[in-house]
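Data block below; observations after.
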Amino acid sequence: MPSASIRSGTDTITMNQNIYHGYWNKLGTSDLVPNAGHNVKLSDRASNVVQAIRLVSAEGAERVARWEGTVANAGTYQVWARWPAAPTHAFAASYSIVTPGGTETLTVNQRIEGGRWHLLKTITLAANDNWQVELSDQTPGEVVADAVAITPPLSLADHFDWSPTLPGAGEYAVFAKWQAAPDRATDATYEVTHSTGIDLVKVDQRHNGGEWRYLGTWSFDPSQSPKVSLLASLTGTVNADAVRFVSGDAIGGEIAYSHTDQIATIQKLTDASGTLVWDRIARPFGETVSISATSGVEQNLNWTPY
């Protein structure tokens, strides 16, 4: 139970030392003057541990990230926050939402659920009202000021999940397919939950529609509930068409590597082991003499002169 002797008397602050250990914890702000005999004492009336005390000038001591804006129309709005997750990040990051109606402070755990939009609060604003969101660093751990958004009522927390039934643990390549459109998100985010964690892959769904697009290769274990989630976006709609898992054993049989000449005409294809599976023999000016291929291998990309 620390007690702080300050200019106008003594304040007693109770702290729970079973939590927040290893971090600097703010006890309070006091008005101090030089040579006045100020001190901080820790009572031994409980099983207390003395590690360190630090005095920091209050001027400029707190660092704050600030987002602000003005709404054009009266109505109900939702305040969202997003952060990358990491074990060293703050588990009680403090966001303050400031409106003409007052200030409300909320805490979030920035160690988990990174890369997603999280609803902080629903607020009501009049036309031309100003709003402000502040994130303070006065909390144990690292505070990350990634992004804040204020929107009319919608669910940025929406997501579509694919939970595969895999035959066994191992390496799998993940592919996604979507229908492209001009109003699609430029940063559609696929959240891949695999054996060693979570990775985020962003794609532009305005382009490359109707094709299987490679997201990456990860280790998956059916007992660990693997999944891929497509998250909502502020930049446009997202299209949850399909996701495909291809085992490592099958990848080599499905992917061929092209070898071209000096004008990018494909001359040969090899598989993952380097074995030749398609071969084109041509004359010096490009006329095909012969094509040989392993059964089931086709190559239909032809160069057309102009």
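The values are calculated or read from the model by the stated rules, or taken from the named source; none is laboratory data. None of these values were measured; they are calculated from a predicted model. With ideal geometry, Cβ positions are generated from the backbone for all residues, glycine too; neighbour counts draw on all protein chains shown.
Taken over the range 72-113, the criterion of being over 14 Å from residue 130 (Cα atoms) and of a type in the set (A, V, I, L, M, F, W, C) is satisfied by 80, 81, 83, 85, 86, 90, 91, 92, 93, 106, 108, 112.
Provide a single number: the residues in the range 167-190 that are of a type outside the set (Asp, Glu) and either touching a Cys at 6+ places or on another chain (Cβ under 9 Å) or in a strand (DSSP E or B) (or both). Break it down into steps so the answer makes sense when it comes.
Of all residues in the range 167-190, those of a type outside the set (Asp, Glu) come to 167-170, 172-182, 184-186, 188-190.
Adding the requirement that they be either touching a Cys at 6+ places or on another chain (Cβ under 9 Å) or in a strand (DSSP E or B) (or both) leaves 170, 172-177, 184, 188-190.
The total comes to 11.
Given the conditions (1) more than 21 Å from residue 147 (Cβ to Cβ); (2) modelled with pLDDT of 90 or more; (3) not aromatic (Phe, Trp, Tyr), report the number of the one that residue 37 does not fulfil. So the condition that residue 37 fails would be (2).
Does the range 191-201 contain at least one residue that is over 29 Å from residue 74 (Cα atoms), assigned to a loop (DSSP other than H, G, I, E, B) and free of Cβ contacts under 8 Å to residues at least 40 places away in the same chain? Show your work before the answer.
From the range 191-201, those over 29 Å from residue 74 (Cα atoms) are 191-201; that's our starting set.
Still in the running and assigned to a loop (DSSP other than H, G, I, E, B): 195-196.
Then keep just the ones that are free of Cβ contacts under 8 Å to residues at least 40 places away in the same chain; that gives 195-196.
There is at least one residue in the range 191-201 that is over 29 Å from residue 74 (Cα atoms), assigned to a loop (DSSP other than H, G, I, E, B) and free of Cβ contacts under 8 Å to residues at least 40 places away in the same chain.
The set of residues in the range 116-137 that are crowded, with 16+ Cβ neighbours inside 10 Å, without any contact (Cβ under 8 Å) to a residue 60 or more places away in the chain and more than 18 Å from residue 93 (Cβ to Cβ) comprises 123, 125, 129.
Among the residues of the range 215-259, those that are part of a helix (DSSP H, G or I) and at pLDDT below 85 comprise 248, 249, 250, 251, 252, 253, 254. Just to verify a result, which residue in the range 62-73, among those that are out of contact with any Phe, Trp or Tyr (no Cβ under 9 Å at 6 or more places or on another chain), surrounded by 12 or more Cβ atoms within 10 Å (Cβ to Cβ) and not basic (Lys, Arg), is modelled with the lowest pLDDT? Ranking the qualifying residues of the range 62-73, first place goes to 62. Restricting attention to the range 184-199, the residues that are more than 25 Å from residue 223 (Cα to Cα) and not charged (D, E, K, R) add up to 3. Checked against the criteria, residue 188 counts as surrounded by 14 or more Cβ atoms within 10 Å (Cβ to Cβ) and of a type in the set (Gly, Ala, Ser). Only one of the listed residues (47, 3) is in a strand (DSSP E or B) and modelled with pLDDT under 75. That residue is 3.
Considered as a group, the residues in the range 89-135 that are over 20 Å from residue 74 (Cβ atoms) and among the small types (Gly, Ala, Ser) include one that is farthest from the chain's Cα centre (by Cα), and that residue is 96. Remark: residue 79 matches the filter, which requires a residue to be outside the structural domain of residue 200 (by TED's automatic domain parsing), crowded, with 16+ Cβ neighbours inside 10 Å and in contact with a Lys or Arg (Cβ under 9 Å, 6 or more places away or on another chain).
Taking the condition closer than 30 Å to residue 247 by Cβ, modelled with pLDDT of 90 or more, crowded, with 16+ Cβ neighbours inside 10 Å and over 19 Å from the mean Cα position of the chain (by Cα), does residue 178 pass? Answer is yes for this residue. Per this entry, residue 140 is counted among residues that are out of contact with any Asp or Glu (no Cβ under 8 Å at 6 or more places or on another chain) and either surrounded by 15 or more Cβ atoms within 10 Å (Cβ to Cβ) or part of a strand (DSSP E or B) (or both).
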